[in-house]
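Undergrad: Below you'll find the structure I mean.
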Amino acid sequence: ITIGGTGEKYTLPLAARHADTWNSPTYGAAVLAQKIEALRAECKKVGRDPATLRLSEQAVLVIVKDKAELDAAMPTARRHYGDEAYGLDAAGYIGTPDAIIKRIRERAALGVTLFTFFFHDRAQLKTLELFAKEVLPAFA
């Protein structure tokens, strides 16, 4: 069972009691650490080991081969995911493969083990190949 949302009044307590996986949606990306802390507190309230709950994150991903391509990619990202609810500016995964790897590792250090990415260009083949060849091997 996956329960997604960031509400500390209803959603996080529900996830603590019933979920196998809690998913932080894009709109929660900027406050992910705070929400994980609140979720772990809820787990403790109900006598659940927080380590038994998998953590998942949805986020916008803007990946480019080199920094020079970033200026061209951002307008596309903003057109598709510029609404504040997508968290592009607040907490998007933006940059070269090395930057994306670093960002994933930062989130993994918080306990996130599952990621769902909204690719800035709606997953064009070139972008998917870049992600598959340059990012995924770091986590094999």
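The values are calculated or read from the model by the stated rules, or taken from the named source; none is laboratory data. Since this is a predicted model, take the numbers as computed values, not measurements. Cβ placement follows ideal geometry from the backbone for every residue including glycine, while neighbour counts extend to all protein chains displayed. These area figures cover heavy atoms from the full protein model, side chains too; ligands, DNA and RNA do not enter into them. Shrake-Rupley method; radii C 1.70, N 1.55, O 1.52, S 1.80 Å.
Undergrad: By what distance, in whole Å, do the Cα atoms of region 87-140 stretch along each of the three principal axes, largest value first?
TA: 30, 27, 18
Undergrad: Using a Debye calculation, one point per C-alpha and no hydration shell, please list log10 I(q)/I(0) for the chain at q = 0.18, 0.21 Å⁻¹ in order.
TA: Summing over Cα pairs of the chain leads to -0.97, -1.19.
Undergrad: Another question, if that's okay. How many times 2.2 N^0.38 Å is the alpha carbon radius of gyration of region 1-80?
TA: That works out to 1.39 for region 1-80.
Undergrad: Between LYS133 and ARG54, how high is the FRET efficiency from 1/(1 + (r/R0)^6) when r is the Cβ-Cβ distance and R₀ = 25 Å? Nearest 0.05.
TA: 0.40
Undergrad: Summarise the accessible area of the chain (1.4 Å probe, protein heavy atoms) by the percent that is carbon and sulfur.
TA: 53
Undergrad: For GLN58, what residues show an amide H to amide H distance below 5 Å, using hydrogens built from the backbone and excluding near sequence neighbours?
TA: HN-HN under 5 Å from GLN58: SER24, THR26, THR116.
Undergrad: A further question on this structure: Give me the angle, in degrees from 0 to 90, between the Cα long axis of helix 97-109 and the longest principal axis of the Cα atoms of the chain, rounded to the nearest 10.
TA: Compared with the principal axis, the helix lies near 0 degrees.
Undergrad: Where does the chain land at 222 nm, in deg cm²/dmol rounded to the nearest 500, when only DSSP H runs of n ≥ 4 count, each adding -39500 (n - 2.57), divided by all residues?
TA: -11500 deg cm²/dmol
Undergrad: Say each of ALA85 and TYR10 gets a label point 7 Å from the Cα, pointing the same way as Cα to Cβ; how far apart are those two points in nm?
TA: Here the modelled spin labels are 1.6 nm apart.
Undergrad: Quick one: 3J(HN,Hα) in Hz for region 10-20, Karplus 6.51/-1.76/1.60 with θ = phi - 60°, rounded, Gly and Pro as x.
TA: 10, 5, 5, x, 5, 4, 4, 7, 10, 7, 8
Undergrad: Normalising by the residue count of the chain, find the relative contact order in percent from Cα pairs under 8 Å and 6+ residues apart.
TA: Relative contact order for the chain comes out at 25 percent.
Undergrad: Can you list the lysines whose alpha carbon sits under 25 Å from that of LYS67, skipping same-chain ones fewer than 8 residues off?
TA: LYS102, LYS126, LYS133
Undergrad: For region 54-99, which trypsin sites (Lys or Arg not before Pro) pass both filters: DSSP loop (anything but H, G, I, E, B) and at most 16 other C-beta atoms within 10 Å?
TA: LYS65
Undergrad: Show me 87-94, 42-49 ranked by packing, highest mean number of other Cβ atoms within 10 Å first.
TA: The densest-packed peptide leads the list: 87-94, 42-49.
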